[in-house]
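Beneath this line is the structure, given in structure tokens, with notes to follow.
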Amino acid sequence: MSEVKTYQLTNKNGLSIEFIAQGGKLTKVLIPNGKSYVDIALGYDTAQQFVDGDLYIGALCGRFANRIENGKFALNGQTFQLEQNDNPNHLHGGFKGFNVKEWNVEPIEKEGCTKAFKLSLVSPDGDSNYPGELKVTTIYGITEKNELLIEFEAVTNKTTIVNLTSHPYFNLNGTGNGTVLNHTLQVNANEFTPLGNGVPSGEIRKVAGTPFDLNQPKEIGDQVKSDYEQIARMKGYDHNWVVNKPSGIMGLAAKVAEPVSGRFIEVYSTQPGIQIYTAMHFDGKEKGKDNVPFIPYCGIAMEAQGFPDAPNKSNFPSCVLNPGEVYKQTIIYKFGW
Ligand code: GAL
């Protein structure tokens, strides 16, 4: 088996980020910690384990990140049936999503970035039953403001649906060092989309008076104990919030912070929603970096994206892409320590 190549993005402040072409997966996020560093990205010790292990850790997700109910949607009167890889729903693009595809990687010059790479792929017409040939590029860039910039672009030759995101899990104590329950979470949103049967019901609900009101930072451990039905049934967060800003405009979506170390991550994005997931599915069976098992709440994923099941919800922002249009979305993770 040939060795999996890793690519590095480093800045002058000591921030160092690594990724691989397979799934575009972010494999390391090293932030300075005194004279050393701490890796805050969940994952595995070797790049090959990233290819073989839990499919979504660190990955780029597409063509449609998140869930589509029963894998079914209609466009211009035609019904499409996608893979029901998260029974009975479609999740993160299906069995051969962008998270398992090999992206073409080339270094590029990018204004404002110390270092940048362009990842590209062509998803053929009919790929996993999605209509249209989709040409996708993702730019990963690092700045001297300690940001990881992620810029998505996609074009199609037939009307289709697109929802792209990045799926790292972070633990600001350092990956493998317990859970994120002592972190605080802030989400810039007055509304969220409650779950019906695994996907949003279509309701857009005010967060006021619920554990989804994170306009002021709150400790994750306190919130996931709530008996509020939407939390209790999931034992945590696995929900989409409606970010307080017009879609397409860059703004703060969420911030996670660890009070003892002072480390934080701010997520800025042009996307209309953010799915926040506190990693309840990890059950300790699979091992990650340094052979430490992935346990519930061992990381948090903050996935700026369109709304889940948008193709079946006419009141959600459209995720339809037509020929001649360019899908463009940006996510920035800003790291602080
Ligand atoms: C998240 C999703 C979770 C889970 C995870 C992948 O985006 O919200 O429910 O499926 O991806 O394991």
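Looking at the range 186-319, I'd like the Rg to Rh ratio, where Rg is from alpha-carbon atoms and Rh is Kirkwood's inverse mean 1/r. Computed over Cα atoms, the ratio is 0.97. The dipole here belongs to the range 183-269: it is taken about the Cα centre, uses +1 on the Cβ of Lys and Arg and -1 on the Cβ of Asp and Glu, and is about 100 debye.
Over all distinct Cα-Cα pairs of the range 31-111, the Kirkwood formula returns a hydrodynamic radius of 15.4 Å. A convex hull fitted around the alpha carbon atoms of the chain yields 130 Å³ per residue.
Positive-end ranking of P107, A59, G77 along the dipole of the range 38-158, with charges on Cβ about the Cα centre, is headed by G77. Under the rule a/c < 1.5 gives rounded, and otherwise a/b versus b/c splits prolate from oblate, where does the range 1-61 land using the Cα gyration tensor? Note, shape of the range 1-61 comes out prolate. In a reduced charge model with +1 at each Lys and Arg Cβ and -1 at each Asp and Glu Cβ, the chain shows a dipole moment near 360 debye about its Cα centre. Exceedance of the 19 Å cut-off in Cα-Cα distance is limited, within the set K96/K118; K5/K25; K110/K334, to K96/K118. Pick from D127, D309, D290: which is most flexible by mean-square fluctuation in a GNM of the chain where alpha carbon atoms under 10 Å apart are linked? Looking only at D127, D309, D290, the biggest GNM fluctuation is shown by D290. Rounded to the nearest 20, the Cβ-based charge dipole of the range 70-174 about its Cα centre (Lys and Arg +1, Asp and Glu -1) stands at 160 debye.
The GNM of the chain, with springs linking C-alpha atoms under 10 angstrom apart, assigns the highest mean-square fluctuation among S247, S36, S128 to S36. Scan around I108 for amide H atoms under 5 Å from its own, H built in the peptide plane at 1.01 Å from N, and keep only partners 5 or more places away or cross-chain. So I108 has HN proximity to A116, F117, K118. Taking the average, over residues, of other Cβ atoms within 10 Å as the packing measure, peptides 45-52, 192-199, 263-270, 164-171 rank 164-171, 263-270, 192-199, 45-52 from highest down. The local environment of E83, defined by Cβ-Cβ distances under 14 Å, has a net charge of +1 under the rule Lys, Arg +1 and Asp, Glu -1. Taking a straight Cα-Cα cut-off under 12 Å and skipping sequence neighbours fewer than 8 places away in the same chain, the aspartates and glutamates within cross-link reach of K206 are E191.
The numbers here are math on the coordinates, done by the rules we state, and not lab data. Quick caveat, the model's predicted, so the values are computed rather than measured. Note that we place each Cβ from the backbone using ideal geometry, even for glycine, and neighbour counts take in every protein chain shown.
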